[in-house]
Amino acid sequence: MDTKTLEEKLFSQLQLYERLYHLLGEETGALAAMNLEDMENMTRQKNELSENIREADASLRQIISALAAERGFGPDVALATIAASTGKQKILQLCRKLAGTWQRIQEVSVINCTISKQFMKTAVLASDLMGNLINRSNMYGSSGGYVWNSSKSIMINKEA
């Protein structure tokens, strides 16, 4: 197998990861602004990009397996080992960039997940507050405002 194919696939994978990193950065802004429309759009784009990454990953794995077999490595050999065995500086650089980009993706994903959880907590609290306000014993007054009408229970002692 030609190492040029590996180099091309690594470059392609790096571009996909960089697009994902950029998209996650935009998602962070949408989450911080609580922009539901942008959040929905980002989710759709992430799903499409994830599918592209999965396809590229499968292709890259086939190339790595072929190179591993040619060089006498086992089937579970790491990409860094294959890259080092090629002796090409460009492939080693692409592997390092790929690993660094993946690390940044994971960091931003953790941040976005934390923001999303806080957003959900806020939404639940707001929903609970609205539910409490709606479920109070209020009566709509003739003057156009709400009039507090307290509900009281009276216990009657039938034995008295």
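Only the coordinates and a few stated rules stand behind these numbers; no lab work does. Source: prediction; values computed, not measured. Glycine also receives a Cβ, built like all others from the backbone with ideal geometry; neighbour counts cover every protein chain displayed.
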Next item on the list: May I ask which of LYS46/LYS121; LYS46/LYS117; LYS9/LYS117; LYS46/LYS88 have a Cα-Cα span longer than 29 Å here?
Entry: LYS9/LYS117; LYS46/LYS88
Item checked: Inter-probe distance in nm under a simple model that places probes 7 Å from Cα toward Cβ, at LEU133 and PHE73 -> 6.1 nm
Next item on the list: Would you calculate the separation in nanometres between label points at PHE11 and ALA80, each defined as 7 Å from the Cα along the Cα-to-beta-carbon direction?
Entry: 2.4 nm
Check: Using r as the Cβ-Cβ distance of ASN47 and LYS97, and R0 as 25 Å, what FRET efficiency do you calculate, to the nearest 0.05?
Finding: 0.50
Check: Roughly how many whole Å is it from the C-alpha centroid of segment 91-109 to that of segment 1-30?
Finding: 9 Å
